[in-house]
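Since the structure comes first, as structure tokens, the remarks are kept for the end.
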Amino acid sequence: MESQFFNIKVKYLTQLEDQSIKKVTKQYVLKAISFTDAEAQIRTNLENDIPEFNIVNCNPFNIQDVRIDETKESFFKVKVAYQDIDEATGKVKKLIDNYIIQGNEIKDVTNSTNEMLNGSIMDYVIENIQLTKIDNVFYQVNK
């Protein structure tokens, strides 16, 4: 069975410095083979930091890969378009891939995306870079 990425939102209560209680929602991304596996993984990854939480959303996430740089703060969703020629019809087809790239600013993300796609056999254009609300990505990747 092939694994895919999942976008998971969790809610929990946390105590602030002034002793008040606040409800927090955080978003995570991980790679799993099923919804059940994704939920089990998020519980394992968060159990030491957040003892009690509720999973409020668990959905497949249409991304091809992630690029982690732990020295960076934020996660960006990058939309990359490729052009391919259909050999049968001769028409140009547009293919879209989405990536999650960690960076501090658009420039970091653009550089990381270009580095990741360096040597690609198809020409590509970075169509969109969008800051996400993702708090963390749980996925072993090559940096």
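Just one of (1) crowded, with 18+ Cβ neighbours inside 10 Å; (2) under 19 Å from MET116 (Cβ atoms) trips up ASN7, so point out which.
That leaves (2) as the condition not met.
Name every residue in segment 65-86 that is open to solvent by 20 Å² or more (accessible area, probe 1.4 Å) and in contact with a Phe, Trp or Tyr (Cβ under 6 Å, 6 or more places away or on another chain), in order of residue number.
ASP65
What about LYS94, is it within 16 Å of the chain's Cα centre (by Cα), modelled with pLDDT under 95, under 25 Å from PHE6 (Cα atoms) and of a type in the set (Lys, Arg)?
Spelling it out, it is not the case that LYS94 is within 16 Å of the chain's Cα centre (by Cα), modelled with pLDDT under 95, under 25 Å from PHE6 (Cα atoms) and of a type in the set (Lys, Arg).
Restricting to segment 45-64, give me the number of residues that are open to solvent by less than 50 Å² (accessible area, probe 1.4 Å) and in contact (Cβ under 8 Å) with a residue 40 or more places away in the chain. Lay out the reasoning, then the answer.
Of all residues in segment 45-64, those open to solvent by less than 50 Å² (accessible area, probe 1.4 Å) come to 46, 50, 53, 55, 58, 61, 63.
Keeping just the survivors that are in contact (Cβ under 8 Å) with a residue 40 or more places away in the chain gives 50, 53, 55, 58, 61, 63.
Residues meeting the conditions: 6.
So, of the residues in segment 115-134 that are at pLDDT 95 or above and of a type outside the set (A, V, I, L, M, F, W, C), which turns out to be most open to solvent (accessible area, probe 1.4 Å)?
Within segment 115-134, the match that is most open to solvent (accessible area, probe 1.4 Å) is LYS133.
Please determine whether any residue of segment 21-35 is part of a helix (DSSP H, G or I) and touching a Phe, Trp or Tyr at 6+ places or on another chain (Cβ under 9 Å).
Yes, segment 21-35 contains a residue that is part of a helix (DSSP H, G or I) and touching a Phe, Trp or Tyr at 6+ places or on another chain (Cβ under 9 Å).
Write out, first by first residue and then by second, each pair whose Cβ atoms fall under 6 Å of each other, whose residues are 6+ apart or on separate chains, and whose first residue, in segment 16-35, is farther than 28 Å from ILE68 by Cα while the second is at pLDDT below 95 and open to solvent by less than 100 Å² (accessible area, probe 1.4 Å).
LYS22/THR14; LYS22/LEU16
The values are calculated or read from the model by the stated rules, or taken from the named source; none is laboratory data. Every value quoted in this text rests on a predicted model; they were computed, and no experiment measured them. Note: ideal-geometry Cβ built from the backbone for every residue, glycine included; neighbour counts use all protein chains shown. With ligands, DNA and RNA removed, areas are computed over all heavy atoms of the protein, side chains included. Shrake-Rupley method; radii C 1.70, N 1.55, O 1.52, S 1.80 Å.
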